[in-house]
Amino acid sequence: SYFLTFRDDGQGGFVEVPPVPYTPSEVRRLMVKFALVRYVYGNLQLEAVIRRASRDEAPIADLQDELAALTRHIFAEYQRTAEGSGARLLLVMDADRRFIYGEDPPSERITLLSQIAHEATAEQGIALLDLTETFTQDYQQFGERFEFTVDDHWNERGHRLISEVVSDWVAGSICLGGENGG
């Protein structure tokens, strides 16, 4: 993987596995030179279709304990880093947007990961802003999506809503000294 990952250290903890730079295979390098391949992969959004089709295939509940332990470990590392620099940690969790749009039933994976995140942040006293309610209310009122049409990254509307939620949290929790959000 070219992203930071973790592996079980065999003693109840986790060890970071440094990222490895991505190197495309020779076949991939050759394939992207063909306009038809670029068209099918890019314009027809083949990657997004494959991701959606495989999203809920693996029984994620089988990994629940391991995911919960890893999440607690990562959040504890975040918390130590924040405390070490005199900062307060705020985590923002995306919503199950496909469910909000009425395109898919609730995702078992997103529901489980949400539950794990809520439990881990509550255990460790970390503030968590779940975007589900914000995105649901906005979509019901305006019917506009929160991501770009070419990928799942937040678009201008998504970023605006998130910045409003975070700003409200900072104003209530930091600036006014309240306990809003943790």
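Each reported figure results from applying straightforward, stated rules to the coordinates on display, with no laboratory input. These numbers were taken from a predicted model, which means no experiment stands behind them. All Cβ positions, even for glycine, are placed from backbone atoms using ideal geometry, and neighbour counts span all protein chains on display.
Where the eigenvalues come from the Cα gyration tensor of region 67-134, what are the semi-axes √(5λ) of the equivalent ellipsoid, largest first, in whole Å? Could the numbers behind the result be given before it?
Details: eigenvalues 135, 35, 12 Å².
Equivalent ellipsoid semi-axes, largest first: 26, 13, 8 Å.
Tally Lys and Arg at +1 and Asp and Glu at -1 over the other residues with C-beta under 15 Å from the C-beta of ARG80: what net charge comes out? Walk me through the numbers before you get to the answer.
Details: positive: ARG72, ARG88; negative: GLU16, GLU77, GLU83, GLU123.
In short, -2.
Computed 3J(HN,Hα) for region 162-167, one whole-Hz value per residue from the Karplus formula 6.51 cos²θ - 1.76 cosθ + 1.60 where θ = phi - 60°, is 5, 5, 5, 5, 5, 4, glycine and proline marked x. A simple spin-label model places pseudo-atoms 7 Å from Cα toward Cβ; at ASP168 and TYR78 they are separated by 2.0 nm. Working note: Karplus 6.51/-1.76/1.60 with θ = phi - 60° gives region 126-133 the couplings 9, 6, 9, 9, 8, 7, 4, 5 Hz, where Gly and Pro are set to x.
So how much slack lies between PHE3 and TYR101, counting 0.36 nm per residue of separation and subtracting their Cα-Cα distance, in nm? Could the numbers behind the result be given before it?
Working: separation 98, 0.36 × 98 = 35.28 nm, distance 2.95 nm.
Stretched fully, the PHE3-TYR101 segment lengthens by 32.3 nm.
Derived scalar couplings between HN and Hα for region 63-73 equal 9, 4, 5, 5, 5, 5, 5, 5, 4, 4, 4 Hz in order, rounded to whole Hz, by the Karplus curve 6.51 cos²θ - 1.76 cosθ + 1.60 (θ = phi - 60°), x for Gly and Pro. For trypsin sites (Lys or Arg not before Pro), no site in region 81-182 is both called loop by DSSP and has at most 13 other Cβ atoms within 10 Å.
Can you tell me the length gained on complete extension of the stretch MET93 to GLU108, counting 0.36 nm per residue apart and subtracting the Cα distance?
Numbers: separation 15, 0.36 × 15 = 5.40 nm, distance 1.58 nm.
Stretched fully, the MET93-GLU108 segment lengthens by 3.8 nm.
Rounded, prolate or oblate: pick one for region 91-182, where a ≥ b ≥ c are the square roots of the eigenvalues of its C-alpha gyration tensor, a/c under 1.5 means rounded, and failing that, prolate if a/b is larger than b/c, else oblate.
It is oblate, given that a/c is not under 1.5 and a/b is not larger than b/c.
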